[in-house]
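Taking it in order: structure first as structure tokens, then the write-up.
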There are 2 protein chains.
Amino acid sequence: MAHIKLPEGLPGIIGPFAFRPETAKPMRELAEVLLRGPSTLSPGERELIATYVSSRNDCYFCQTSHGAAAAHHLGGNEQIVLAVKEDFEAAPVSAKLKALLTIAGKVQQGGKNVTPADIARARREGATDLEIHDTVLIAAAFCMYNRYVDGLGTWAPHDADLFRQMGARMADEGYIRADAPPAKTETAKA
Amino acid sequence: MAHIKLPEGLPGIIGPFAFRPETAKPMRELAEVLLRGPSTLSPGERELIATYVSSRNDCYFCQTSHGAAAAHHLGGNEQIVLAVKEDFEAAPVSAKLKALLTIAGKVQQGGKNVTPADIARARREGATDLEIHDTVLIAAAFCMYNRYVDGLGTWAPHDADLFRQMGARMADEGYIRADAPPAKTETAKA
């Protein structure tokens, strides 16, 4: 049970978003720009960074939903998501993304952990200033979203298919209008 | 020197905000709603929560600027800000704010650290669901802002008077339009 009275049947962050639309609006906009806005990092790469940070923060709802969004962007490849969470240096992703995931992991622990050597490695692998900026901010932002979801003790379903549907919607439709809960959740609560 | 090339002479978060206006917009809006929007928590109380979390995250720019904003809201009382950072349980603030600061400190370490006992204490001291929600989100959001500022290695002045001016502007004018750097910084760079 959540720590405060949230609208029922809405999983993870959707409950507090419905509870407080004034803060949901900028939080949704930030996710949309960072994860789906114009960028030289693909949406799949950005969702992998979000998933990795959420995994490091042990946030079940965020790592599972954004992991599903990443897999959807990557042609349904769920193995790559698992590989990144387990050991990204050994995962089948680009050297540039590995360097950016290193930075994201440092930010997850605290901003001051990022070193000039981390930045130099990312540049060497071709990362631009904007890509480094967005990686830092995706990691920082998910330190917020993860704490929001878990700090309020929100509820989440444990149903892989439901998360696959949710991830596909997040990937295809984005973060601005996705207020309605997944159909299956509504059915489960009806 | 910052890890990426940011516009010069802009302290702390102002540099990356100018570098990436697309993400600055929702981040500014979120701060405005949380810290200055309609609430039964006073702006001074909310800035104290932001300052406390930033202090726990060891973010010099955020704890100093928001500490100055808190002091400005509280009639120039800088002692209360120092007392909250040092030991809020012994600080001259309400029992309700102490309970909310306890929750904020738990969120800073990770959302799952918040316990039903923490929530029960806050309710006992009169906190509403919305106040608990906003406390969790202020703490979570400053875990983002702090990591953004430090993860990019931004520059910050060490000048108490400049921060007093900045804090007064943040308190009086808010977070939406505050794009220009403090006058003193511009002079120092000219």
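None of the figures in this text is laboratory data; all of them are computed from the coordinates on show. Please read all numbers here as calculations on a predicted model, not as lab measurements. Quick reminder, even Gly has a Cβ in these numbers, built from the backbone with ideal geometry, and neighbours come from all protein chains shown.
Take the residues of the stretch B:25-46 that are touching a residue at least 40 places away in the same chain (Cβ under 8 Å) and either of a type in the set (D, E, K, R) or within 18 Å of A:L130 (Cα to Cα) (or both): which is farthest from the other protein chains (Cβ to nearest Cβ)?
B:E45
Kindly provide the set of residues from the stretch A:107-144 that are crowded, with 18+ Cβ neighbours inside 10 Å, more than 7 Å from every other protein chain (Cβ to nearest Cβ) and free of Cβ contacts under 8 Å to residues at least 60 places away in the same chain, ordered by number.
Passing the criteria: A:Q108, A:D118, A:R121, A:A122, A:A127.
For the stretch A:1-24, name all the residues that are more than 9 Å from chain B (Cβ to nearest Cβ), surrounded by fewer than 22 Cβ atoms within 10 Å (Cβ to Cβ) and not in a loop (DSSP other than H, G, I, E, B).
Correct list: A:F17, A:A18, A:P21, A:A24.
Take the conditions over 13 Å from B:Y52 (Cα atoms), in contact (Cβ under 8 Å) with a residue 60 or more places away in the chain and within 14 Å of chain A (Cβ to nearest Cβ) and apply them to B:R147. Does it pass?
Against the criterion (over 13 Å from B:Y52 (Cα atoms), in contact (Cβ under 8 Å) with a residue 60 or more places away in the chain and within 14 Å of chain A (Cβ to nearest Cβ)), B:R147 qualifies.
Scan the stretch B:101-130 residue by residue and report those that are among the hydrophobic types (A, V, I, L, M, F, W, C) and assigned to a helix (DSSP H, G or I).
B:L101, B:I103, B:A104, B:V107, B:A117, B:I119, B:A120, B:A122, B:L130
Just wondering, is there one or more residues in the stretch B:81-91 that are within 14 Å of chain A (Cβ to nearest Cβ), over 20 Å from B:V33 (Cα atoms) and of a type in the set (K, R)?
Within the stretch B:81-91, not a single residue is within 14 Å of chain A (Cβ to nearest Cβ), over 20 Å from B:V33 (Cα atoms) and of a type in the set (K, R).
Which fully enclosed helices (runs of 4 or more DSSP H) of the stretch B:28-100 have 3 or more residues being over 23 Å from A:L152 (Cβ atoms)? I'd like the intermediate steps shown before the answer.
Numbers: elements: B:43-56, B:60-73, B:78-87.
By residue number, B:60-73, B:78-87.
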